[in-house]
Amino acid sequence: MDFDLNDEQRMIRDLARDFAAGEIAPIAAEIDETGAFPYATVKKMGEIGLLGLTASQAYGGVGADMVCYVLAMQEISRVCASHGVIMSVQNSLVNYGLEKFGTDDQRQRILTPLASGQAIGAYSLTEPQSGSDAANMRTTAVRDGADYVINGRKSWVTSGPVADYVVVFVTTNPKGDHRDTMAIVVESDRPGFARGKTEPKLGIRASATCELVFEDCRVPAANRLGDEGTGFKFAMTILDKGRIGIASQALGIAQAAYEASVAYAKERHAFGKAIAEHQAIQFMLADMATRIHAARLLTLRAALKADRGERFTAEASMAKLYASETANFVTDKAVQVHGGMGYSKELPVERYYRDARITEIYEGTSEIQRLVIARHVLGSAA
Ligand code: CAA
């Protein structure tokens, strides 16, 4: 596979890098501390196209390929993983689903404000009793004339507290299975829609996460994506792209921790020489560099397959699995290289360590990625 970047890919990577350095870096530590959602920088990300990077230009997006998306996601996450997940959810979980499965009316009405950065979107699959077992959803939609009436509770919704539009996965038969599920877009100003408790989190603290509560929430059937019965498959198809986004986020976090470690190892002295001259440190840096390189190749491979229009389910899971485990490995070693300073809030290394942890959990745990990969290896995946 050819990973030479073309002009557009280099330009978008550099745009994201400059934006992250100029606009996000000055606030990254502060918003981690306060947990405040970064409205101003998210708005600016929308203005320069980062919230609609892969959506078509016809619907307000940039129309860039998945390789551009991977590169930009890494640059943003390298500086702030909270901005990274906000960008990832909007692009790959919300915009992509709307463009792939929506009608032209839905794309004009809902995708366009999202892709052009004028609105924020969320994707709501998880429920209190259904995390990894995503098909086991209990939020119901009952058809009533031209509407659906939605009741239930969703949890762990990234960008839920700030979203204007939420892609919600519901069942039309709570005793049924995944063949009874559907996806529907709910505008956040609809009566019966409420935001529940906000999650206090270990990492990615400036991204907003909450429960969503639906009480007789009436939504027009014109907001349904596809047909009844297709919701779970849509959710899985969308997550394939989402997992490339989270792999890229993990890579960005790992890269930041690695770069900080190399710099610190050259500057910190122990036993009469820079710690970079001690083999114990060199071996850690070598392992960090090698794993990051391998994770990057896996992530670009998944993105290239997606750009070619080929099925990339297994490749996305491999990229997400390896990149998220790499982020946790690298940030752990980065704390070790930094010693006491790695444990201090004076440096960003402890933030990288906390931010990395979620990448092995959301959009499918490492165990779920292994399950998906194993099904493909064994030929039992549909
Ligand atoms: N693409 C298209 N279709 C797919 C698919 C995919 N990737 N994966 C499964 N399907 C289809 C299957 O072909 C099957 O179709 P048929 O009924 O026609 O045969 C159907 O979906 C059911 O598939 P499975 O039998 O494989 O379903 P399962 O119940 O065994 O579950 C699973 C599979 C992989 C475990 C899935 O439940 C899963 O991915 N779980 C993890 C959920 C997850 O990632 N949640 C993340 C929440 S969102 C989030 O985290 C966002 C955020 O905050 C940032």
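For this structure, a couple of remarks:
- When 247, 254 are screened for being of a type outside the set (Phe, Trp, Tyr) and within 16 Å of the ligand (Cβ to nearest atom), only 247 passes.
- Helices (runs of 4 or more DSSP H) enclosed by segment 1-65 - at least 1 residues per element that are more than 20 Å from the chain's Cα centre (by Cα) and without any contact (Cβ under 8 Å) to a residue 60 or more places away in the chain: 7-19, 25-34
- When segment 139-160 is limited to residues that are open to solvent by 40 Å² or more (accessible area, probe 1.4 Å) and within 29 Å of the chain's Cα centre (by Cα), the one that is nearest to residue 82 (Cα to Cα) turns out to be 156.
- Residue 256 vs. criteria within 26 Å of residue 35 (Cα to Cα), at pLDDT 95 or above and not assigned by TED's automatic domain parsing to the domain that holds residue 68: yes
- Any hit, segment 76-98, residues being in a helix (DSSP H, G or I) and farther than 22 Å from residue 251 by Cβ: yes
- Qualifying residue in segment 193-203 (condition: over 30 Å from residue 337 (Cα atoms), more than 12 Å from the ligand (Cβ to nearest atom) and either assigned by TED's automatic domain parsing to the domain that holds residue 323 or of a type in the set (S, T, N, Q) (or both)): yes
- Residues in segment 301-321 that are buried (at least 22 other Cβ atoms within 10 Å of the Cβ) and in a helix (DSSP H, G or I): 302, 303, 306, 315, 316, 317, 318, 319, 320, 321.
- Every residue from segment 330-368 that is within 14 Å of the ligand (Cβ to nearest atom) and surrounded by fewer than 24 Cβ atoms within 10 Å (Cβ to Cβ): 357, 360, 361, 362, 365, 366, 367, 368
- Residue 204 buried (at least 22 other Cβ atoms within 10 Å of the Cβ) and either of a type in the set (Gly, Ala, Ser) or assigned to a loop (DSSP other than H, G, I, E, B) (or both): yes
- Residues satisfying the stated conditions in segment 369-382, i.e. open to solvent by 70 Å² or more (accessible area, probe 1.4 Å) and either within 19 Å of residue 291 (Cβ to Cβ) or not basic (Lys, Arg) (or both): 370, 371, 377, 378, 380, 382
- Within segment 215-238, residues that are within 12 Å of the ligand (Cβ to nearest atom) reach partners that are β-branched (Val, Ile, Thr) with beta carbons closer than 6 Å, at six or more positions or on different chains, in the pairs 231/181; 232/181.
The values are calculated or read from the model by the stated rules, or taken from the named source; none is laboratory data. Owing to the predicted nature of the structure, the values given are computational and were not obtained by experimental measurement. Using ideal geometry, Cβ is built from the backbone for each residue, glycine included, and neighbour counts are taken over all protein chains shown. Note: areas computed on protein heavy atoms with side chains; ligands, DNA, RNA excluded. Shrake-Rupley method; radii C 1.70, N 1.55, O 1.52, S 1.80 Å.
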